[in-house]
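Asks: Structure below; questions to follow.
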Amino acid sequence: MAKYVDGFILVIPKGKEAEYQKMAEDGRDSWMKHGALQYLECRGDDLKQQEMGDLKSRDYKEMTGASSDDNVWFSFIVFESKEHRDEVNAKVMKEMGEAYDEQTSFEMPNDMKKMAYGGFEVVVEG
């Protein structure tokens, strides 16, 4: 069975990177503890529009609605399969729900309206 990946594109306001990174590290610890194969959080560094002959790629900042005061992050978690992803995510969500139930005023460091998420079947792997 092919591996499976959950992918995320997030917009993190400048000045909230440390807060988001701490949350991401906690997430990494939970996902890895519950069986994820790999967990990566990547801050955009070279997001220039690319020219490919007479064609141009889309710009991440434009695509996400990010401003000059924002950073775009690309993040992903690798699993054995979609079924494995579902099992791991259920455990992580239960654990996170219990942890955040104790907090009375938790505020996400990112705008969820500027976040994209999806599950992807790995088709080509190197």
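The values are calculated or read from the model by the stated rules, or taken from the named source; none is laboratory data. Not measured: the values here are computed from a predicted model. Backbone-built Cβ (ideal geometry, glycine too); neighbour counts: all protein chains shown.
Asks: Might you let me know whether the stretch 63-73 holds any residue that is of a type in the set (Val, Ile, Thr) and in contact with a Ser or Thr (Cβ under 6 Å, 6 or more places away or on another chain)?
Replies: Residues of the stretch 63-73 that are of a type in the set (Val, Ile, Thr), as a first pass: 64, 72.
Those left that are additionally in contact with a Ser or Thr (Cβ under 6 Å, 6 or more places away or on another chain): 72.
Yes, the stretch 63-73 contains at least one residue that is of a type in the set (Val, Ile, Thr) and in contact with a Ser or Thr (Cβ under 6 Å, 6 or more places away or on another chain).
Asks: Scanning the stretch 50-89 for residues that are closer than 23 Å to GLU17 by Cβ and assigned to a loop (DSSP other than H, G, I, E, B), which turns out modelled with the highest pLDDT? Full working, then the answer.
Replies: Initially, the stretch 50-89 is screened for residues closer than 23 Å to GLU17 by Cβ, giving 59-77.
Next, only the ones that are assigned to a loop (DSSP other than H, G, I, E, B) stay: 59, 65-69.
Numbers: ASP59: 88, GLY65: 90, ALA66: 92, SER67: 92, SER68: 92, ASP69: 95.
The residue in question is ASP69.
Asks: Quick test of your reading of the structure: ASP45 fulfils all but one of (1) touching an Asp or Glu at 6+ places or on another chain (Cβ under 8 Å); (2) outside any helix (DSSP H, G or I). Name the failing condition by number.
Replies: (1)
Asks: Another question, if that's okay. List every residue pair whose Cβ atoms lie under 7 Å apart, where the two residues are 6 or more positions apart in sequence or sit on different chains, the first residue falls within the stretch 49-73 and is touching a residue at least 40 places away in the same chain (Cβ under 8 Å), and the second residue, located anywhere, is surrounded by 12 or more Cβ atoms within 10 Å (Cβ to Cβ) and basic (Lys, Arg).
Replies: The qualifying pairs are THR64/LYS114; GLY65/LYS114; ALA66/LYS114; ASN71/ARG43; VAL72/LYS61; TRP73/ARG43.
Asks: Still on this structure, I have one more. When the residues of the stretch 13-42 are filtered to those that are more than 11 Å from the chain's Cα centre (by Cα) and part of a strand (DSSP E or B), which remaining residue is surrounded by the fewest Cβ atoms within 10 Å (Cβ to Cβ)?
Replies: GLN38
Asks: Name the one entry in ASN89, ASN71 that is surrounded by 13 or more Cβ atoms within 10 Å (Cβ to Cβ), within 26 Å of GLY35 (Cα to Cα) and under 18 Å from the mean Cα position of the chain (by Cα).
Replies: The conditions single out ASN89.
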